[in-house]
Amino acid sequence: MDKIIIEGGNTRLQGEVTIEGAKNAVLPLLAATILPTQGKTILRNVPILSDVFTMNNVVRGLDIKVDFNEDQNEVVVDASGDILDIAPYEYVSKMRASIVVLGPILARNGHAKVSMPGGCTIGSRPIDLHLKGLESMGAKITQFGGDITATADKLKGAHIYMDFPSVGATQNLMMAATLAEGTTVIENAAREPEIVDLATLLNKMGARVRGAGTETLTITGVDQLHGTEHDVVQDRIEAGTFMVAAAMTSGDVLIKDAVWEHNRPLILKLKEMGVEVTEEERGIRVKSDTAKLKPVTVKTLPHPGFPTDMQAQFTALMAVVNGESTMIETVFENRFQHLEEMRRMGLHSEILRDTAMIHGGNDLQGAPVMSTDLRASAALILTGMVANGTTVVGKLTHLDRGYYKFHEKLANLGASIKRVSEA
Ligand code: EPU
């Protein structure tokens, strides 16, 4: 098991950092490569992450040819032959996001069997909105033995109102609707940049998706889709994580090619705290002096609200700001587990249901801690940089799902951090 060891206390990050393609964009994009019956799909700027390997295997499991050229960050998919229609538990249990293959397999094959995703540490994460939407498009859905089976000779366009703007459900339904008969309207759709990226790829494949990035998506079904080429959008959460890292270490970091608009909710909160955030030609510069920062209240919401995927990292920043900050988590019901680990490092916080009060500005001490989920692992590493002494972060399988060479990037910016393998 690998561990990350950080000597913290007087870290001040400085320099420039490069950001990868977005994990949460590339996973649905890979699911979309199942749809074309003609030609190859080439995805570029693909990040080298364990979740990407898992999704590649899900697609390969359908008898589709997938080549990942890691040196070029490029995946080439050829789904032009006959494909299978089963996504087994082996993969879905590893990664919940595999559920987004349900819509594309069903749309293409008229039949799909995908394992039901199991438990998750950050919340219960049901998939009722995915299934309800597919049912309104005429799919017959049954659940048995841990599998979901969906059948529809031909999906039909439908008017779908989503009770909550779920990212995964929007992606699943959008992909299913591309090959349906007639027009599908999805109201209260998710508006994340990753949704826009998926719609862009689908349209390049010949689909007719309108309204991506707004709350109403209109998809007019077409008979077939074809392969194309596409660059994966940049990872706003990785970019945001480095913005927070710079802010909490009184740093001065240029996050190269970061997209201001994608990180607007985070940037506005950083500015409210007193962090200097400026848009430069080559990216976004974040400069701060932690002694001058003020506590804030943050509430996570679907995009364009403050992203839940930045919540844990932002609480690490709150921990170094003098005074009492408040974090309200409205998207997932159990996403404060990192605060329990940070308590081991001397953080004073109280959690009442969806609200955490962070009493920041006290001295933190290094300690052995365990990642509880992907973003928690990043938050603990960031906290380790400002805690006095040695912090050892374990369970890095979470980190490897979403951050490429995180410790190397931080070390290049001046952190005293290394990764060690232990038998
Ligand atoms: N929800 C339902 N029913 C559904 C679907 C969702 O009640 O059918 C609820 C969930 O339980 C949750 C909320 O809606 O409380 C949000 O879930 P959503 O479906 O929007 O999330 P997701 O598609 O499962 C993606 C990201 C997550 C990110 C969320 C929210 C991917 C692969 N994952 O998950 O990313 O937190 O959107 O922005 O895109 C991460 O990267 O660390 C991560 C967890």
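Computed quantities for the displayed model
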read-out: Qualifying strands (runs of 3 or more DSSP E) (wholly inside region 95-155; at least 1 residues being crowded, with 19+ Cβ neighbours inside 10 Å); value: 111-115, 147-151
read-out: Residue in region 287-299 that is of a type in the set (Val, Ile, Thr), farther than 28 Å from residue 388 by Cα, surrounded by fewer than 24 Cβ atoms within 10 Å (Cβ to Cβ) and not assigned by TED's automatic domain parsing to the domain that holds residue 44 present; value: no
read-out: All strands (runs of 3 or more DSSP E) inside region 356-423 with 3 or more residues being more than 14 Å from residue 316 (Cβ to Cβ) and under 25 Å from the mean Cα position of the chain (by Cα); value: 416-421
read-out: Helices (runs of 4 or more DSSP H) contained entirely in region 159-272, each with at least 3 residues that are within 23 Å of residue 101 (Cβ to Cβ); value: 167-178, 193-204
read-out: Residue 45, sole failed condition from (1) within 19 Å of residue 24 (Cβ to Cβ); (2) away from the ligand (no atom under 14 Å from the Cβ); (3) open to solvent by 40 Å² or more (accessible area, probe 1.4 Å); (4) without any contact (Cβ under 8 Å) to a residue 60 or more places away in the chain; value: (4)
read-out: Exclusive hit being open to solvent by 50 Å² or more (accessible area, probe 1.4 Å) and either β-branched (Val, Ile, Thr) or more than 16 Å from the ligand (Cβ to nearest atom) (or both), set 215, 324; value: 324
read-out: Test: residue in region 377-394 that is modelled with pLDDT under 95, away from the ligand (no atom under 16 Å from the Cβ) and not assigned by TED's automatic domain parsing to the domain that holds residue 53; value: yes
read-out: Scan of region 62-94 for residues that are more than 16 Å from the ligand (Cβ to nearest atom) and either open to solvent by 60 Å² or more (accessible area, probe 1.4 Å) or not assigned by TED's automatic domain parsing to the domain that holds residue 52 (or both), ordered by number; value: 63, 65, 67, 69, 70, 71, 72, 82, 84, 86, 89, 90
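The values are calculated or read from the model by the stated rules, or taken from the named source; none is laboratory data. No experiment lies behind these values; they were computed from the predicted model shown. Note that each Cβ is placed from the backbone with ideal geometry, even for glycine, and that neighbours are counted across all protein chains shown. Please note that ligands, DNA and RNA were not included when accessible areas were found on the heavy atoms of the full protein model with its side chains. Shrake-Rupley method; radii C 1.70, N 1.55, O 1.52, S 1.80 Å.
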